[in-house]
Amino acid sequence: MFETLISGFCDEFPRIFKGRKTLFTGVVCIAELLIGLPLVTRAGMYIFQILDWYSAAFSVVTISLFECIVVGWIYGANRLYGDIELMIGYQPNAWWKICWMFITPFILLSILIISIVNMGAPTYGEYQYPPWAIGFGWIIASCSIIPIPVLMIVGIATTPGTLIQRIKFLVKPSVRWRPAEQKYQEQYEQQWASSCGRIDHITNGPYKMAPVEPKNGV
């Protein structure tokens, strides 16, 4: 999870963190150390219990469900298979595609529904958490979920066209996504030029996107 955080920031803001990854990693390590200090106090187990109660049971499952939907149905499992083949030279077993598109989303949705139905106030032994602690738990759980609808609203508000056109455009893979190395970009674009609804009016019409530096990796 830590490496995912570091790589995400470095890939999203390459101009800021270029040549500064080690420094950024050190700053994040110190920040996480300071944030984690309350967990090693006498009240640490009570704090950990409320964090685990809401984060593990709600936000993690919700985000994982969205990830499966995006990867399997919006970006497209077939397209992801093509990306993997471009990186390692062959496509994985078809079982993974079935999991991404059907089995895993169904299991996650079932877990989410059961968790919501059975979720009660957190407890630790005989200790009952006060209302303010329960509210704090829901705030912690919401911090990782709120960006999803917020960015969705921002995307819809800033995209030209009617509401239906905006939604149709936003649920298609971004034309910015491509391999970082130049020698693979042409092969990638030829492979997927006609897939996922990538049609001329998206790249050359009112939705034309300015060229950007490719992100690291495929």
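The values are calculated or read from the model by the stated rules, or taken from the named source; none is laboratory data. Just so we're clear, the structure is a prediction, and the values are computed from it rather than from any experiment. Backbone-built Cβ (ideal geometry, glycine too); neighbour counts: all protein chains shown. To get the accessible areas, we keep the full protein, side chains included, count just its heavy atoms, and leave off ligands, DNA and RNA. Shrake-Rupley method; radii C 1.70, N 1.55, O 1.52, S 1.80 Å.
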What number, rounded to the nearest 500 deg cm²/dmol, is the helix-based mean residue ellipticity at 222 nm of the chain, given -39500 (n - 2.57) per DSSP H run of at least four residues and division by all its residues?
-18000 deg cm²/dmol
Where is the GNM fluctuation largest for the chain (alpha-carbon springs, 10 angstrom cutoff): Lys97, Lys172, Lys18?
Lys18
Size of the dipole of the chain about the Cα centre, Lys and Arg at +1 and Asp and Glu at -1 on the beta carbon, nothing else charged, in debye to 20?
520 debye
State the label only: which of (i) 177; (ii) 140; (iii) 119 corresponds to volume of the Cα convex hull per residue in Å³ computed from the shown model?
(i)
Among Leu39, Val71, Tyr54, flag the residue with its Cα farthest along the positive direction of the charge dipole of the chain, charges on Cβ as +1 for Lys/Arg and -1 for Asp/Glu.
Val71
Looking only at aspartates and glutamates whose Cα falls under 19 Å of Lys97's and that sit 8 or more positions away or on another chain, we get Glu67, Asp83, Glu85
Suppose R0 equals 45 Å; then what is the FRET efficiency for Gln128 and Arg20 from their Cβ-Cβ distance, rounded to the nearest 0.05?
0.45
Please compute the contact order of the chain in relative form: average sequence separation of alpha-carbon pairs under 8 Å and at least six residues apart, divided by the residue count, as a percent.
20 percent
Evaluate the distance, in nm, between pseudo-label points positioned 7 Å from the Cα of Ile69 and of Thr41 along their respective Cα→Cβ axes.
3.9 nm
Please work out how much accessible surface Leu5 shows to a 1.4 Å probe, ignoring ligands, DNA and RNA, in Å² rounded to 10.
60 Å²
For Lys21, give me every one of the aspartates and glutamates with a C-alpha distance below 15 angstrom, ignoring sequence neighbours fewer than eight places off in its own chain.
Glu3, Asp11, Glu12
Dipole of the chain [Lys/Arg +1, Asp/Glu -1 at C-beta], most positive-end residue of Val175, Gln128, Ile146
Val175
Which shape class applies to region 1-83: rounded if a/c is under 1.5, otherwise prolate when a/b exceeds b/c and oblate if not, where a ≥ b ≥ c are the square roots of the Cα gyration tensor eigenvalues?
oblate
Mind giving me the FRET efficiency for Thr159 and Gln187? R0 is 25 Å, r the Cβ-Cβ distance, nearest 0.05 is fine.
0.30
